[in-house]
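Data first, discussion second: the structure below is written as structure tokens.
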Amino acid sequence: MKDVIGLISANYSTDKMEGLSDERSISSMPFGGRYRLVDFSLSNMINSGITEVGLITPYKFRSLLDHIGTGSAWLLDRKKGGLYILPGATFGMSRSSDRFLLCDIMQNEAYIRRSSADYVIVTSANIVASMDFNPIIEAHAASGADLTMVCKQSTRKSHFLMGIKKKDGKVTGIKHGLEKGETAFLDTFVVGRELLLKFIDWYSAKDYMDIFDIMEPDYNKMDIRTYEYNGYSREIFTLQNYFDFNMELLDPDVSYRLFDPQMPVRTKVQDCIPGRLLPGSEVSDSLVSSGCWVKGKVDHSILFRGVTVEEGAVVSNSIIMQSCIIRKDAVIKDAVIDRNNVIGAGMIIKGSPGEIYVMKKEQRTEENVKGRY
């Protein structure tokens, strides 16, 4: 992969996470008990042999940079190549539908220009997939196309993914939102490095737009192809699909498809003791991470690192993030509890399967007050 550099775009936002993204970008949202969403994009890069990766940062970058550090967890702390932290151009102004703003690319033109690579593979930071980029790049090079977009047939309606219009094997346009069965763009594409630099010259007057919207009048003048990805993939844009796709991991078949031993998903190392299920605990159909201490009942839930569930407490169909404490006899159902919360003894927190309750980070409840929160 000496002829390819990577570019991960994380400078976009969403207001559909019901408070979970108030202090963090969507790229650093916790996922699956121990990961962040950006882990999948970074892992896909290094697993594909791409050792020079630029990460375009969002306005709320603190938690993202704290998680990534020097990139050592992804083997990207290198003297040559490695991870480049790149500034976003319009902090806080991008919409969730604009994942590849031209101004972000223009802002970081030097990163692209100084490379001698033939190709750039560009991806967003909120697609959950274990994707080998090698066959995608090989197909792009063999086709002679100007740009290759990774796609798959959509299994559900989405207001946030782009749909791809095709004719005779070539892309003729895009649309925002798509129906079940239509061709979905998976926010990953390959483009020649020189051509990407030309985009800056050609379209600089529209730098505030997503490059796929900018190219709309010119699709018939360019050779844009698609590559169909058949593996597991999910996109995170809203609280409901964040909750649903986390819970999918409790299905062993889904976990097997996503966490391929040949394509390990890397994340920041945290030294934790193993999780402990103490006498009297009841745990079923759940994911319990390292550092957890469980003496109560946990059913169909995900506990992130360092969660405590005391005796008599019940956690059902919920996501409990890192370092939360669920006190004695508390009940949590159909909820997402953000990190560092303490749920007081006897507290009852309930949402519903179609309306998940969210407790924001560090909203510590009164520990000895009973009743419904």
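Could you tell me which of rounded, prolate or oblate describes the stretch 32-125, using a ≥ b ≥ c as the square roots of the eigenvalues of the alpha-carbon gyration tensor, with rounded for a/c under 1.5 and, failing that, prolate when a/b is larger than b/c and oblate otherwise? Since a/c reaches 1.5 but b/c is at least a/b, the shape of the stretch 32-125 is classed as oblate.
In what order do Ile164, Ile5 fall by count of nearby beta-carbon atoms within 10 Å, going from fewest to most?
Listed from fewest to most nearby Cβ atoms, that is Ile164, Ile5.
By the count of neighbouring beta-carbon atoms within 10 Å, fewest first, Val342, Val336 end up ordered Val342, Val336.
In the chain, with Lys and Arg counted as +1 and Asp and Glu as -1 at Cβ, which of these residues, Leu37, Leu258, Ile136, has the Cα nearest the positive end of the dipole, that is, farthest along it? With unit charges placed on the Cβ atoms, the residue in question is Leu37. Fully extending the segment from Lys328 to Leu195 would add 41.8 nm, taking 0.36 nm per residue of separation and subtracting the current Cα-Cα distance.
Provide the FRET efficiency to the nearest 0.05 for the Thr172-Ser63 pair, computing r from the beta carbons and using R0 = 35 Å.
Here the calculated transfer efficiency is 0.30.
Could you tell me whether the stretch 4-258 comes out rounded, prolate or oblate from its Cα gyration tensor? Rule is a ≥ b ≥ c as square roots of the eigenvalues, rounded for a/c under 1.5, then prolate if a/b exceeds b/c, otherwise oblate. Rounded, since a/c falls under 1.5. Counting Lys +1, Arg +1, Asp -1, Glu -1, what net charge surrounds Ile200 among other residues with beta carbon under 10 Å of its beta carbon? With Lys, Arg at +1 and Asp, Glu at -1, the net is -1. Tell me whether the stretch 276-372 comes out rounded, prolate or oblate; compute the Cα gyration tensor, take square roots of the eigenvalues as a ≥ b ≥ c, and use a/c under 1.5 as the rounded threshold. Because its axes are fairly even, with a/c under 1.5, the stretch 276-372 counts as rounded. The relative contact order of the chain, computed from alpha carbon pairs under 8 Å that lie at least 6 residues apart in sequence, is 15 percent. Reducing the stretch 273-288 and the stretch 345-361 to their Cα centroids gives an inter-centroid distance of 21 Å. Using Cβ point charges alone (K and R +1, D and E -1), the dipole size of the chain about the Cα centre works out to roughly 440 debye.
Any of Lys175/Lys206; Lys297/Lys360; Lys175/Lys333; Lys80/Lys170; Lys175/Lys350; Lys157/Lys221 with alpha carbons more than 26 Å apart? Name them for me.
Violating the 26 Å Cα-Cα cut-off are Lys175/Lys333; Lys80/Lys170; Lys175/Lys350; Lys157/Lys221.
Grouping the Cα pair distances of the stretch 171-277 into 5 Å bins from zero gives a pair-distance distribution of 2, 7, 13, 16, 16, 13, 12, 10, 6, 3, 2, 1, 0 percent in increasing distance order. On the beta carbon distance between Arg113 and Val269, with R0 = 41 Å, the FRET formula returns roughly 0.75.
Scanning residues 5 or more positions from Glu182 or on other chains, those with amide H under 5 Å from its amide H are Ser154, with H placed 1.01 Å from N in the peptide plane. When all alpha carbon pairs of the stretch 220-297 are counted in 5 Å bins from zero, the resulting P(r) reads 3, 10, 13, 16, 19, 15, 9, 5, 3, 2, 2, 1, 1, 0 %.
Projecting the Cα atoms of Leu197, Phe100, Ala10 onto the dipole axis of the chain, where Lys and Arg carry +1 and Asp and Glu carry -1 at the beta carbon, places Ala10 farthest toward the positive end.
How large is log10 I(q)/I(0) at q = 0.13, 0.15, 0.21, 0.24 Å⁻¹ when the Debye formula is applied to the Cα atoms of the stretch 127-181, each weighted equally and without solvent? Per q value, in the given order, log10 I(q)/I(0) is -0.40, -0.53, -0.96, -1.11. Residue order for His300, His140, fewest other beta carbons within 10 angstrom first, comes to His300, His140.
For the stretch 276-372, a crude dipole built from +1 on the beta carbon of Lys and Arg and -1 on the beta carbon of Asp and Glu, taken about the Cα centre, is about 200 debye to the nearest 20. Bridges between two residues of the chain, per DSSP, are antiparallel at a rate of about 35%.
Read the figures in this text as sums done on the coordinates, not as results from a lab. This one's a predicted model, so the numbers in the text were calculated from it and none came from an experiment. Note: ideal-geometry Cβ built from the backbone for every residue, glycine included; neighbour counts use all protein chains shown.
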